[in-house]
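One structure is given here, and the rest of the page talks about it.
None of the figures in this text is laboratory data; all of them are computed from the coordinates on show. These numbers were taken from a predicted model, which means no experiment stands behind them. Reconstructed Cβ throughout: ideal geometry from the backbone, glycine too, with neighbour counts over all protein chains shown.
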Amino acid sequence: MNFRKTTPASKGQQRTPPVLINRFLEWYCRPELLDEIQGDAFELYYREVKDNRLKANLKFTWNVIRFFRWRNIRKQKPPGLNYSTAMLQNIFKVAVRNFFRQPGHSLLNVAGLTVSFLAAILIGLWVFHEKSFDRFHPDADRIFKVMSHVDANGSIETYAAARSNINLAAIPDVAAKAVVITGTRWPNELCFRPENQPNDCIYLFGIFSEPSFFSIFNFPILKGDTNPLANPTNIAISESMAATLFGDADPLGKIIKIDDHFAVTVASVFQDVPENSSLQFEFVVPTQVFARMRGLSDDYFSKEFQAVYFKTNTDISQGELTAKLNEPDILTEDLKQDKVSYSAFPLTETRLHSQFVNGKNTGGRIQYVNLFIMVAVLVVVMAVINFINLSTARATNRSKEIGIRKVTGAYRSSIILQFVGESLLVVILAIALALLFVQLLLPAFNNLIGESLSVKLFHPSVLAWIILFAFLVAMAAGLYPAWIMSAFQPSKVLKGQAVTATSGAQHLRKALLVVQVSISVGIIIFTGVLFEQLSFIREKNLGLDSKNILHVEPTYKMLQQYEAMKAELLTHPEIKSITATNADLVDLTIQTTGVSWPGMPAGMNAAFKVLGANYEVAETFGLELVEGRFLESRPADSVNTEVVVTESAISKMQLEDPVGTILKIGNSPCVIIGVVKDFHTSSLKQEQLPVIIYAHSILQCSRLYIKYQAGTTPQAMATIHEVYKKFEPAFTMKYDFVDEAFGKMYKTENTASIMLVFFTGIALLIAIIGVIGLATYNVLKRKKEIGIKRVFGATTLQILGNLWKEFVLLIAIASVITVPVTWYGSRQWLNEFAYRINMPEWIYVTTILSILGMTMLLIALQGLKTIRTNPTSVLQHE
């Protein structure tokens, strides 16, 4: 029944069903069912509308929605979407022909996409590597580390350590706990000798832990005891270490000596530690062995702060664990008095979220990961913008082709598919080239950033991501140009009428160019700010002399002969001084809040760094005395209660006459004998804490620092090696340079700067490709205009000025947009450093002027070709 033709509504009655709802019904309903469904709906509507129009409209709408069912929806495809294999083959053939018909245009598109994909893939590999750390443990989300937060007079300091005897057994959710000594305070790179080469000393890095280590972490034991650390004389070694020391022989049960002194039995061999583990080691030894190596009692570490890991047996939240760690059974009264609190920190966040400011987690490497994800996205966006701009700019060249296709019956959808197919071909070619370059450049890239990234091209997940990425980029890059070009009217293009881009397309092209320039300017400016800050760090006066100082890790035997070895070294003119300390002066981590002094305000809790050293430390590191005197040489068996403090310590204590003041460190009284200028013992990201230096037993020192004359590095190294061999002939000397060690503290920033330079170059290259393409198009489009101006006497500079005008305006707009955004982002990054530069305005000015100059140069190079052409050859057909 065709009710629509007989209703009063069709004869002029004004009360008709809602037009949009009726159109929706006609759009989705199958043609063979439409008359019946629509007729019934109209009939019901006209019955109801006599009484209440609103009610009739609502019921009509409900009926249309109610009939929106699978069996009523159109099943057939539109004619334009019925693609055969032959048609797809034809699309591919035409795409290939068009690719080679305009080689310059095609190469610009492929080059831009290739370098952007190269950047995106390299960044993706690095990001995946960073985010994979510690994820290989099956129960990684249930492994935590205890963090300590110390309220030091309103400023909260955070340490990745807790008291070793922390009673985690009081928490029912904790399955196992392990104290791990990782070598931040004591060197854990120790000497082992291969069984078949006993004269060779191989240094391997290990850790010392409690027995439950292997029940917390998933480092699979391949053979031997599954609980090797239960016996205090055992050692567990890696596959690589077993092969190094014993070759193909079975290592189990073999006795080996650590540093030629401490015998342990190989109880287990575990699988090599993956590179993406935050804990890196070749062997694990019980903590009792460590105590014996340092001449300490077995329970020495019971009240020491060390790294404490634990594993839960339930999926308890981080917040709940933190609350339980601060209950009375865990947080003892003495810790509360020292204003110490604990928190649980997930193992999986160790790599990327290790930065704390005033007790709050503020990120860390994750900021650089997010930065480079953004860089990868922006670089690909720049390449896609290039593709869109170049494709829409060249659209008029294919207007007749589109007109003929439409006249011969091609639907708009098939024309869109043709152009999207061409985009997909370019994208696939660009991805293939990018993957090839990744394979070629990856080793060099790894060397550049100090990582070992790899790519598995034929892994199913990798292939799936590549296919998805290619499809999305092809759609993003090709859909808009295809839509624009498929809209050409054959009646116009086949009559020879000029086809020009719509004002909307022209405005979009300009807007995309602004976005592209904004991205380029932003990346370049941020890179410049980063380099300025790193340069400031390298050149800042640290308050101590770090140059021409060699750090040597001594053996216990060398410490026993320290005075004789020092005397031997000082007989050589190139050696200036030698000192010993109990901790790494470059990154001093020993801190205390247990310091009190006369007049200390009640309830005050101040944090101090504490350094144990012998009296030559001031001479070796060039510490500048402000008042009093330095530590002096004393007999080894004498009790020394004298300390030297920094100026910031005096400021914190508010002492007017500090020399002679009696302090208490814990329960031990000591007297201030001297004050030195402040010096840095940590990263410049952190505010430098005041330092207290006290005389320390040589036998409990863990580091030697040897200062030599400037310009005598080869001679000094030869002398130190010779003396080292004389006192420890069986060992190979381990050393590093103090100034280089300070530089390594900024490894993350240095890596980021290297990567930024690399990807900034890529972004700049993409921008250049885009400018070349648009400049070429702009000049060709205005070829006749330039010829006419030449005929009427316009100078080269006038013509170039006319060509420059549009681009200069767009760059100015881009600069106005990007400068405040980049300023804010750079300021946020600089705020991570306690010691930082002022914002370098010159970088902003230089970057914008450089981009402007480069653009004008590229336009001039393209414009001069046309300007130098004889106008008659351009205008001969006019």
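Cross-link list 360/652; 540/566; 145/303; 805/865: which exceed 20 angstrom alpha carbon to alpha carbon? It would help to have the intermediate numbers written out before the result.
Working: 360/652 23 Å; 540/566 31 Å; 145/303 17 Å; 805/865 18 Å.
360/652; 540/566, as the Cα separations exceed 20 Å there.
Only four residue types carry charge here, +1 at the Cβ of Lys and Arg and -1 at the Cβ of Asp and Glu. Report the dipole size of segment 554-733 about the Cα centre in Debye, rounded to the nearest 20.
Working: 14 positive and 19 negative charges, 76 e Å.
The calculation lands at about 360 debye.
With 10 angstrom as the radius, rank 757, 517, 180, 381 by how many other C-beta atoms surround their C-beta, starting from the fewest.
Numbers: 757 13, 517 28, 180 23, 381 17.
Starting with the residue having the fewest Cβ neighbours, the order is 757, 381, 180, 517.
How high is the relative contact order of the chain, in percent, counting Cα pairs under 8 Å that sit 6 or more residues apart?
14 percent
7 Å from Cα along Cα→Cβ at both residue 357 and residue 218: what's the point-to-point distance in nm?
Distance between label points: 3.5 nm.
If packing is taken as the average count of other Cβ atoms within 10 Å, what order do 274-282, 315-323 fall into, highest mean first?
Put in order of decreasing packing, that is 274-282, 315-323.
In nm, to one decimal, how far is the modelled label at residue 227 from the one at residue 736, with both set 7 Å along Cα→Cβ?
3.7 nm
Rg over Rh of the chain, using C-alpha atoms and the Kirkwood radius, what does it come to? Display every interim value, and only then the final one.
Details: Rg = 37.3 Å, Rh = 33.9 Å.
Rounded to two decimals, Rg over Rh is 1.10.
Take the Cα of residue 89, step 7 Å along the line toward its Cβ, and report every residue of segment 403-421 whose backbone nitrogen sits under 19 Å from that point.
Counting backbone N atoms under 19 Å from the label point, the list is 418, 421.
Near residue 678, within a Cβ-to-Cβ distance under 15 Å, what is the net charge of the other residues, with Lys and Arg +1 and Asp and Glu -1? Walk me through the numbers before you get to the answer.
Numbers: positive: 540, 609, 652, 677; negative: 545, 624, 627, 647, 687.
For residues surrounding residue 678, the net value is -1.
What is the order of 28, 824, 46, fewest Cβ neighbours within 10 Å to most?
Fewest to most other Cβ atoms nearby, the residues stand as 824, 28, 46.
Given the -39500 (n - 2.57) contribution per DSSP H run of 4+ residues, what per-residue ellipticity at 222 nm results for the chain, rounded to the nearest 500 deg cm²/dmol?
Numbers: 27 runs with 422 residues, N = 878.
Rounded to the nearest 500, the figure is -16000 deg cm²/dmol.
Order by neighbour count: 155, 546, fewest other Cβ atoms within 10 Å first, most last.
Numbers: 155 15, 546 20.
Result, fewest neighbours first: 155, 546.
Report the gain in length on full extension from residue 561 to residue 19: 0.36 nm times residue separation, minus Cα-Cα distance, nm rounded to one decimal.
Details: separation 542, 0.36 × 542 = 195.12 nm, distance 10.03 nm.
Contour length minus Cα-Cα distance gives 185.1 nm.
Looking at the square roots a ≥ b ≥ c of the eigenvalues of the Cα gyration tensor of segment 635-763, which shape do they give, rounded for a/c under 1.5, prolate if a/b is larger than b/c, or oblate? Can you show the working numbers first?
Numbers: a/c = 2.77, a/b = 1.26, b/c = 2.19.
Here segment 635-763 falls in the oblate category.
Need the list of aspartates and glutamates near residue 177 for cross-linking: C-alpha distance under 13 angstrom, and skip anything on the same chain fewer than eight residues off.
Leaving aside aspartates and glutamates fewer than 8 places away in the same chain, those within reach of residue 177 are 210.
Roughly how many nanometres apart are two label points built 7 Å out from the Cα toward the Cβ at residue 659 and residue 444?
Each label point is offset 7 Å from its Cα along the Cβ direction, giving 6.1 nm.
Membrane-span-like helices in the chain: DSSP H runs reaching 30 Å or more (Cα, own axis), mean Kyte hydropathy at least -0.5?
Working: long enough: 103-131 (41 Å, 1.11); 366-393 (40 Å, 2.03); 412-449 (51 Å, 1.85); 460-485 (36 Å, 1.92); 503-539 (54 Å, 0.97); 747-781 (51 Å, 1.40); 796-830 (46 Å, 0.90); 841-867 (39 Å, 1.39).
TM-like helix candidates: 103-131, 366-393, 412-449, 460-485, 503-539, 747-781, 796-830, 841-867.
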